[in-house]
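The values are calculated or read from the model by the stated rules, or taken from the named source; none is laboratory data. All of these numbers come straight from a predicted model, not from anything done at the bench. Glycine gets a Cβ as well: all are built from the backbone with ideal geometry, and neighbour counts include every protein chain shown.
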Amino acid sequence: MTYTEIVKFHGHECPGLAIGYRMASAALEELRSTRAEDEEIVAIVENDACGVDALQCVTGCTFGKGNLLFRDYGKQVYTLYSRSTGSGVRVVFHGESGLDN
């Protein structure tokens, strides 16, 4: 799914959506996985902000399938677990770009 399609799904473009897109993409890359067709990946999100829409689109995890879990800790954190490989990753946004200006 392209970022443009994710913006359309979410309804508008915003920093939170972009952050969620980057975080979810990084998590899948670290897991060496692709978007789940069914329930191969489980995601735990620690906030209910815009980025979760991006995570759903990128990972294929949804509340309806039961592989998207919400824990209200108020943190910009996503934990993804691959049922097929048994590996997991926790991605944390610290609010810094890491770029030297």
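Assorted remarks:
- Any hit, region 33-54, residues being surrounded by fewer than 21 Cβ atoms within 10 Å (Cβ to Cβ), over 11 Å from the mean Cα position of the chain (by Cα) and basic (Lys, Arg): no
- Consider region 36-68 and keep the residues that are of a type in the set (Asp, Glu) and either assigned to a loop (DSSP other than H, G, I, E, B) or closer than 12 Å to Phe93 by Cβ (or both). The one that is modelled with the lowest pLDDT is Glu37.
- Members of region 14-35 found to be among the basic types (Lys, Arg) and assigned to a helix (DSSP H, G or I), listed by number: Arg22
- Residue in region 1-13 that is over 14 Å from Leu80 (Cα atoms), among the hydroxyl-bearing types (Ser, Thr, Tyr), in a loop (DSSP other than H, G, I, E, B) and out of contact with any helix residue (DSSP H, G or I) (no Cβ under 7 Å at 6 or more places or on another chain) present: yes
- Unmet criterion (only one of (1) modelled with pLDDT of 95 or more; (2) in contact with a helix residue (DSSP H, G or I) (Cβ under 8 Å, 6 or more places away or on another chain); (3) over 20 Å from Gly95 (Cβ atoms); (4) of a type in the set (A, V, I, L, M)) for Met23: (3)
- Test: residue in region 84-101 that is under 21 Å from Pro15 (Cβ atoms), aliphatic (A, V, I, L, M), surrounded by fewer than 13 Cβ atoms within 10 Å (Cβ to Cβ) and in contact with a Phe, Trp or Tyr (Cβ under 9 Å, 6 or more places away or on another chain): yes
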